[in-house]
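Here's the structure we're looking at; comments come further down.
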Amino acid sequence: MSKLYCIGVGPGDPELITLKGYKRLKECDTIFCPTARKGKESIALSIARSIIEERSVKPKIIELVFPMVKDKSMLEDAWKNNAKIIAEECTDNSVYLCVGDPSLYSTFSYIYKELKNYDIDVEIIPGIASMLSFAAETKISLAEGDDILTIIPACYDLDRAMKVADASNTLIFLKDGRYFANVMKVLKNSKFKKGRLAIAEDVSSNTSKALITDISSIKDIPVEKYFSIMVVKDE
């Protein structure tokens, strides 16, 4: 039976990859990595590249294209096609790379459902999610005591999300800084309008930039990349 290890490589700093993930990266013979389009370097691969380059014998690297669209039929085709490629190329010591953690807004969750149709043993190795790394960098406590924490994908229905947010003490917005301007409009008309926020893109990387301020005082959103994060507190 083929064996596939899905490794969460964390938000950007390769030193945040777990020891278990590091070991698999040093020993695997094949690496599958997602990319948004053909010819564009995989972000997950770029995070793990320094570890791969340490090896005397390099693994085979196979890039899988996952289009950044919301068209469900296109996405389903990509999931099925990429699962088929994995099934055809998977060895007894293969790795799939995933930015952050595989269980949180990860493309691998869809791939895993498709891989159940094949004779492949899958093991998931967790990674550090960007919100946890960002909280550590900014020394923000995400939740205390009976606080309620809500994670919201910024690029979808904010009206629906804010119905849940009204009962929360901390909001974490992920998935696409290009939508954060819309988030700010909603926040300034919510119970969080007097709260504080921390916002950043490319967390834990060399290009990371962050801002911590009052919601009422912010005018321009300093991020625009897909891998951005906004943490909002009601205090």
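Quick look at the values:
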item	result
Taking only Cα atoms of the chain, radius of gyration then Dmax in Å	18.9, 58
Centre separation in Å (Cα based) which lies between segment 139-162 and segment 1-64	30 Å
Förster radius 25 Å - calculated FRET efficiency between residue 85 and residue 41, Cβ distance, rounded to 0.05	0.85
Likely footprinting exposure, 230, 68, fewest C-beta neighbours within 10 Å first	68, 230
Within segment 153-190: backbone nitrogen closer than 20 Å to the residue 214 label point (7 Å, Cα to C-beta)	170-171, 184-190
Rounded to 5, the percent of DSSP beta bridges in the chain classed as antiparallel	40 percent
Sites residue 105 and residue 166 - FRET efficiency at Förster radius 22 Å, r taken between beta-carbons, to 0.05	0.50
Three-way shape call for segment 2-125 based on the alpha-carbon gyration tensor, with the a/c threshold at 1.5	prolate
Cα shape, segment 41-85, gyration tensor, a/c 1.5 rule	oblate
Under 25 Å from residue 40, Cα to Cα: lysines that are on another chain or at least 8 residues apart	26, 58, 60, 70, 72, 80, 84, 175, 209, 225
FRET efficiency, residue 156 to residue 50 (Cβ-Cβ, R0 30 Å, nearest 0.05)	0.30
For segment 87-106 versus segment 177-195, the gap between their alpha-carbon centres in whole angstrom	34 Å
Theoretical ellipticity at 222 nm over the chain - DSSP helices of four or more residues, -39500 (n - 2.57) apiece, nearest 500	-9000 deg cm²/dmol
Percentage, to the nearest whole number, of Cα pairs in segment 145-214 over 19 Å apart	33 percent
Per DSSP, loop GluC sites (Glu not before Pro) in segment 46-145 with at most 12 further Cβ within 10 Å	54, 144
In segment 1-93, trypsin sites (Lys or Arg not before Pro) in a DSSP loop with at most 14 other beta-carbon atoms within 10 Å	37, 38, 40, 55, 70
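Since every read-out is calculated from the coordinates, none of them should be taken as a lab result. All values derive from a computational prediction rather than experimental measurement. Glycine also receives a Cβ, built like all others from the backbone with ideal geometry; neighbour counts cover every protein chain displayed.
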